[in-house]
Amino acid sequence: MSIRDWPIKRKLTAILLLISGLVLLLTSAAFVTYEVVTFRQTTLIHLATRSQILAANSTAALAFANEADATEILDALKYDPHMVAAALYGQDGRVLATYPAAGAADLIPPAPQPDGYRFEGGRLVGFTPVAQGGNQRLGTLYIMSDTKAVSDTLRLSAIIAIVVLAIAMLAAYALAAALQGQISEPILALANTATAVATQQDYFARAPKFGEDELGQLADAFNQMLGRLEEQKKELQQHATRLEQRVAERTEELEHRNEALRRNAAELLAANTELDAFAYSVSHDLRAPLRSIDGFSQVVLEDYAGQLGDAGRDALQRVRAASQRMATLIDDLLKLARVTRAEMRTERVDLSGIAREIVLDIQRATPDREVDFAIAPDLEAQGDTRLLRVVLDNLLRNGWKYTGKQPKPRVEFTAVDDNGDRVFVIKDNGAGFDMRYADKLFGVFQRLHSAAEFEGTGVGLATVRRIITRHGGRIWAEGAVDQGATFFFTL
Amino acid sequence: MNPGKILLVEDNPDDVTLTLRALKSHNITNEVIVAQDGVQAIGLLFGSKDRPAPAELPAVVLLDLKLPKINGMEVLQRIRADERTRLLPVVILTSSDEERDVIDGYSLGANSYVRKPVDFVEFTKAAQQLGLYWLLMNRAAPSPRGP
């Protein structure tokens, strides 16, 4: 696990221990080094001092070349366990006495070397002049001691240093462990609070604050955030509640509207059914009296022709004409009503085909009138076949009718594309109409020509418009008097 | 001239007068029996408690649809339901040209459906054609014998 991932406690403790350890180590090392260096010097000085004392004591022995005395003097060195060897050289440089008395030949240099003390190969050696008075040199004292004292001291110091180090580190660890809590406790508390909030969505929890330092600030900021979150949560809940209320209200409204719509639909259905029944009885009940009127007028005309006279006959003819006209009006009205309530079945309708059939019909019915019908091919639309047949029948027959006075009557059925819409066009070169009354064209029973000019009930175009409207389309017309009329419709 | 009778089922007395006149004006002299509502018509065809069923059936029935008591469609159903009269020619003669009536009429077994025109001249022409066709040209099924 990398250092980054260590828990904070461990990190803090580790840092503290590292620092204290380093400090202790450096201090100890310095101290030990100082100790050792100083001790060496001291040892050297001791040796020098001892040498000089010994040298001073050896003047007599050297002066008289007294071997026995010299040996005895040197023998005093046995009381110092660190003394390895010593020797007195006479003036001639010959060894007078040694310590130890025998068997130290390899330890003693054959001739005196220059005066001075030095460390040599793990031992301390020194050459001291033995002099009498001030300047009369009698000989040289050679002394060699081991450095065990130094190494002992070194070892001792090192051991002490290590022990101290250990104790100090322990103490440091204990203190660190105890005191790092000052830093880590607040952090851990904060971390725990954060985790609790995140996992349990508990926005009421708050981080404990341990002091006014940056951690305390952090805790404050965190708690503020939590407070804000709590508020926002409350606000959201309120919003949600309000939304729910509004949704409930709207739903209720919608249901009311739906109810109203359903009621409307039911009423419409009822009205339609009534209309159905009405149309049905109209077709019977209104026609029967008309039949009687016409019939009995004719009876009178036939049976009492002689007694009537021209005026009488004329009157009765008018009566007959009027009742027949009324029958036609009733029929046309019935057709209009049927168109409104008929069920629409939408499918692909071949308008050109239907138009051609209608033209054939017209031509068969009135072979004596020649009218040029120009039907464009492949005209199609989506709609109810029967109703569209009514439309085309009406419009084409109108075209045929109103060109009655033209020498070269012509009726065209085409389509154009206008802004993506398909517009069907039926155009004739007949009597046309005054554009000022264009809006009356499609009204029920509205006519722009008298019955004397052209027969008709004025219901045809109203029927056509109703059918077009049921198909979701528009119909309009353009024309000029005696210059023909053009009818446009979309589906 | 075929001695066959015509049964005219019609509730409107004006229409009865006019129809009779129309038939007469074209020299159709066959006897015309008139029933003024559905119940009478059925009585005339099948008999009632007042009189027995007639020995002879009419050659053709001219049936109006809108009749009081029992309407024309029901009469037609009764006619077609009875073995005796199942094949009897029935011409629906009515003011209505509602599609529903035409379809129902043929579905119930009418032989023909004629809309009565308002124009009396046209009406007499239609009556003539009907008479000529159903009484002279058309061969009805033979009357089943027996009680």
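Quick note: the coordinates plus some simple rules give every number you see, no bench work behind them. Predicted model only: the values in this text are computed from it and were never measured. Here the Cβ is made from the backbone with ideal geometry for all residues, glycine too, and neighbour counts use every protein chain on show.
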Filtered residues of the stretch A:303-324 (kept if under 17 Å from B:VAL121 (Cα atoms), charged (D, E, K, R) and free of Cβ contacts under 8 Å to residues at least 12 places away in the same chain): A:ASP303, A:ASP314, A:ARG318
Kindly indicate which of A:LEU290, A:LEU268, A:LEU301, A:LEU286 is surrounded by 15 or more Cβ atoms within 10 Å (Cβ to Cβ), closer than 23 Å to B:ARG100 by Cβ and more than 8 Å from every other protein chain (Cβ to nearest Cβ). A:LEU286
Candidates A:GLU231, A:GLU274, A:GLU235 - the one that is away from chain B (no Cβ under 14 Å), out of contact with any strand residue (DSSP E or B) (no Cβ under 6 Å at 6 or more places or on another chain) and closer than 30 Å to B:VAL114 by Cβ: A:GLU274
For the stretch A:313-336, which positions are among the basic types (Lys, Arg) and either more than 8 Å from chain B (Cβ to nearest Cβ) or not in a helix (DSSP H, G or I) (or both)? A:ARG313, A:ARG318, A:ARG325, A:LYS335
Within the stretch A:22-47, work out how many residues are buried (at least 17 other Cβ atoms within 10 Å of the Cβ) and farther than 19 Å from A:THR153 by Cα. 1
Tell me which of these B:VAL121 doesn't satisfy, since it passes every other one: (1) within 14 Å of chain A (Cβ to nearest Cβ); (2) over 28 Å from A:ILE293 (Cα atoms). (2)
Matching entry among A:VAL36, A:VAL95, A:VAL32, A:VAL84 (being of a type outside the set (S, T, N, Q) and more than 27 Å from A:SER151 (Cβ to Cβ)): A:VAL95
Answer residue from the stretch B:88-113, given it is surrounded by fewer than 17 Cβ atoms within 10 Å (Cβ to Cβ) and among the aliphatic types (A, V, I, L, M) and is farthest from the other protein chains (Cβ to nearest Cβ) among those: B:ILE103
Residue match in the stretch A:172-185 (condition: β-branched (Val, Ile, Thr) and assigned to a loop (DSSP other than H, G, I, E, B)): no
The residue from B:ILE70, B:ILE33 that alone is surrounded by fewer than 21 Cβ atoms within 10 Å (Cβ to Cβ) and in a loop (DSSP other than H, G, I, E, B) is B:ILE70
